[in-house]
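The values are calculated or read from the model by the stated rules, or taken from the named source; none is laboratory data. Remember, predicted model here, so these are calculated numbers, not experimental data. Here Cβ is always computed from backbone atoms with ideal geometry, including for glycine, and neighbour counts include all displayed protein chains. Note: areas computed on protein heavy atoms with side chains; ligands, DNA, RNA excluded. Shrake-Rupley method; radii C 1.70, N 1.55, O 1.52, S 1.80 Å.
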Amino acid sequence: MNIRLAQTQDIPGMVNLLYQVGGVHHDIRPDIFRPNALKYTEAALEALLKDESKPIFVADDNGSVAGYCFCQIRDYTGSTALTDRKELYIDDLCVDETRRGQHIGSVLYDHAVAYAKEIGCAFLTLNVWCGNDSAMRFYEKMGLKQRSITMENKLC
């Protein structure tokens, strides 16, 4: 298993995983997430691969994408309200459902942590949807703690 930056040839594998993530989100919140939907189109993925502020790491298993970690570098230097700092935000982390339990997620997460430290980030952050209990357990096991909570009042 090799963790590396995603490349164009990884797009079909990433699309497969994006459908899996979309299915999890739809199952949890069908009032918010469409069925069989992709967060990123293939064209959007191609653009992301060129954006150095949004690195994507893949777990490459002999040419097969076993998992991915979409990241965003967030720099708050010069903010009028926030302290000067850089953070690595994990936009999405997914391991192929047929490969879960093989510690691929841990390896991807550890790689993101090492990358964040290497580029001088003070924090690594992410969001987890309520109801995605397995993801919540995984991230807590990785040492993450709650920073903020989004609340809602469903009106219709």
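Given C121, C156, which one is farther than 23 Å from I11 by Cα, in a loop (DSSP other than H, G, I, E, B), at pLDDT below 95 and not acidic (D, E)? When all the criteria are applied, what remains is C156.
Starting from the range 32-55, take each residue that is under 21 Å from E87 (Cβ atoms) and list its partners that are open to solvent by less than 80 Å² (accessible area, probe 1.4 Å) and not in a loop (DSSP other than H, G, I, E, B), counting only C-beta distances under 6 angstrom and pairs at least six apart or across chains. Filtered contacts from the range 32-55: K39/L18; S53/I73; K54/L48; K54/Q72; P55/C71.
Listed by first and then second residue, the pairs with beta-carbon distance under 7 Å, at least 6 apart or on different chains, first residue in the range 141-156 and basic (K, R), second outside any loop (DSSP other than H, G, I, E, B), are R147/T125.
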